[in-house]
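The values are calculated or read from the model by the stated rules, or taken from the named source; none is laboratory data. Since this is a predicted model, take the numbers as computed values, not measurements. Methodologically, a virtual Cβ is constructed for each residue, glycine included, from the backbone with ideal geometry; neighbour enumeration extends over all protein chains shown.
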Amino acid sequence: MNLFEKIAHTASFIKANSNTIPKAGIILGSGLGGLTDILKVESEISYDEIPNFPVSTVKGHSGKLLLGTIGDTSVVLMAGRFHYYEGYSMEAVTFPVRVMKALGAETLILSNAAGGTNPGFAIGDLMILKDHINQFPEHPLRGTNDERLGPRFPDMSEPYDHELINLAKKIARENNIVVRTGVYIGLQGPTFETPAEYKWLHAIGGDAVGMSTVPEVIVARHSGMKVFAMSVITDLGITDVPVKITHEEVLEAANAAAPKMACIVAGLISAL
Ligand code: HPA
């Protein structure tokens, strides 16, 4: 099966197992699974049951696809994503985005945990992505392009939808949530960065750095979806004395910020 056929096959399996026709797709990052609390679940499908889906391996990432509603809006939600550092191909990492689009989702909302490279940031800050810098060693659109999925040379002048960004800022203001806006740099990981790398990432224009999101955003834009993404700053790279970072601390900081994130995502989804 080629990619187009695989997407169609997977989408028809999901349609056979769920009555939800999603308007939006949601992909939750490390420690941010609590966001599923705001979802009224209509059907739940384990990743390992879904044909062509890779299986999630990282602690803190549960592997299931949830379909249901947030407010009055139908959504499909990935609780846990596939990371390039786990060894998956870029096609596998971004495959669920293709499937979401095939199910009907016109908007993709993503969250992630990220390290702060902006010296003005604090742990626990929320950052709305206004742009990104792709530093992954492989591009998700490398290879033969299937025009049925999107154009050979996709425009990237507005990767993150301005209207959704403005709406998220308004929702944050109304709920007394402080949000920052910035540029996310996506790297393959799985090491956190060295002190010199954090400084370099800041010097090239990054406010935050992480190991996800960028591949999924590229594929969503390729397929014509609108995108909104938000980071929780879980650690700080630019410090006077280097501070050790652990995955557990990342999860803890992300968990602590999850309710604020949920509030903004719920507001956005309800407005779609
Ligand atoms: N670097 C890369 N990925 C991350 C970080 C970081 O500092 N924090 C959470 N994910």
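For region 16-36, enumerate the residues that are part of a helix (DSSP H, G or I), touching a Leu at 6+ places or on another chain (Cβ under 7 Å) and more than 15 Å from Ser231 (Cα to Cα).
Thr36 - this is the single residue of region 16-36 that is part of a helix (DSSP H, G or I), touching a Leu at 6+ places or on another chain (Cβ under 7 Å) and more than 15 Å from Ser231 (Cα to Cα).
Would you be able to say whether some residue in region 143-151 is more than 12 Å from the ligand (Cβ to nearest atom), under 30 Å from Phe13 (Cβ atoms) and of a type in the set (Ser, Thr, Tyr)?
So far as region 143-151 goes, yes, one or more of its residues are more than 12 Å from the ligand (Cβ to nearest atom), under 30 Å from Phe13 (Cβ atoms) and of a type in the set (Ser, Thr, Tyr).
Within region 239-270, can you find the residues that are at pLDDT below 85, more than 12 Å from the ligand (Cβ to nearest atom) and among the β-branched types (Val, Ile, Thr)?
If the condition is that a residue be at pLDDT below 85, more than 12 Å from the ligand (Cβ to nearest atom) and among the β-branched types (Val, Ile, Thr), then Val241 is the only one that fits.
In region 90-105, what residues are assigned to a loop (DSSP other than H, G, I, E, B) and either without any contact (Cβ under 8 Å) to a residue 40 or more places away in the chain or under 15 Å from the mean Cα position of the chain (by Cα) (or both)?
Passing the criteria: only Ala105.
For region 218-243, give me each residue that is under 13 Å from the mean Cα position of the chain (by Cα) and among the polar types (S, T, N, Q).
Ser231, the sole residue that qualifies.
Which residues, taken from region 135-164, are surrounded by fewer than 18 Cβ atoms within 10 Å (Cβ to Cβ) and not in a loop (DSSP other than H, G, I, E, B)?
Listed by number, the residues that qualify are His162, Glu163.
Test each condition in (1) in a strand (DSSP E or B); (2) surrounded by fewer than 24 Cβ atoms within 10 Å (Cβ to Cβ) for Phe228 and report the one that comes out false.
With (1) in a strand (DSSP E or B); (2) surrounded by fewer than 24 Cβ atoms within 10 Å (Cβ to Cβ) applied to Phe228, the lone miss is (2).
Is there a residue in region 178-186 that is surrounded by 13 or more Cβ atoms within 10 Å (Cβ to Cβ), aliphatic (A, V, I, L, M) and under 25 Å from Ala102 (Cα atoms)?
No, that holds for no residue.
Suppose we filter Ile123, Ile109 for residues that are touching a helix residue (DSSP H, G or I) at 6+ places or on another chain (Cβ under 7 Å), in contact (Cβ under 8 Å) with a residue 40 or more places away in the chain and under 13 Å from Val217 (Cβ atoms); which single one remains?
On inspection, the qualifying residue turns out to be Ile109.
Sort out which residues of region 184-211 are within 8 Å of the ligand (Cβ to nearest atom) and part of a helix (DSSP H, G or I), and write them in order of number.
Tyr198
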